[in-house]
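The values are calculated or read from the model by the stated rules, or taken from the named source; none is laboratory data. The structure displayed is predicted, hence computed values, not measured ones. Neighbour counts run over all protein chains shown; Cβ positions are idealised from the backbone, glycine included. For the accessible areas, the whole protein counts, side chains as well, though only heavy atoms, and no ligand, DNA or RNA atoms are used. Shrake-Rupley method; radii C 1.70, N 1.55, O 1.52, S 1.80 Å.
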Amino acid sequence: MLSDQQIRAYEEDGVVVLRNVFSKDWLDEVRRAVNFGRANPGPMYLDYSKDTKPGTYCADMWIWRENEHMKNFIFNSPAARLAGETMRAESVALITDNWMVREAGAVNRAPWHQDNPYFDVSGVASPQVV
């Protein structure tokens, strides 16, 4: 599904933009996942904009067990296959799942943080696709 040029870009630059790799149906499923999550916030839900307006900035993580739309996207969409192709990996593992929404006009920012503590992995660094 990916070109050699796209895979080489990831290997050489550590990043590659993959455009139009998900069908409209899969993008709609992600929208349903986010809409469900906003209507039914999980225990890890954060609203960074609750005290500021205009615009909403919110996020949730570790949601696939309660969110059938996210579960469907993670396990049935081409996402895992694309990650595997990008890393030339024989298998892939889900480290975490999350969504973030920042609406137009949002004036606040995420608090300062490092992503490293969020990933439940240790030992030798291995390629990751985010």
Open item on the list: Name the single residue that is least open to solvent (accessible area, probe 1.4 Å) among those in region 27-48 being part of a helix (DSSP H, G or I), under 24 Å from Val107 (Cβ atoms) and in contact (Cβ under 8 Å) with a residue 12 or more places away in the chain.
Closed with: Gly37
Open item on the list: Just to be sure before I move on: is Glu66 assigned to a helix (DSSP H, G or I) and either closer than 27 Å to Pro111 by Cβ or over 16 Å from the mean Cα position of the chain (by Cα) (or both) in the structure I sent?
Closed with: no
TODO: Output the residue which, of all residues in region 110-130 that are surrounded by 10 or more Cβ atoms within 10 Å (Cβ to Cβ) and within 25 Å of Val34 (Cβ to Cβ), is modelled with the highest pLDDT.
DONE: Ala110
Task: Phe22, sole failed condition from (1) at pLDDT below 95; (2) buried (at least 16 other Cβ atoms within 10 Å of the Cβ); (3) in a loop (DSSP other than H, G, I, E, B) - done: (1)
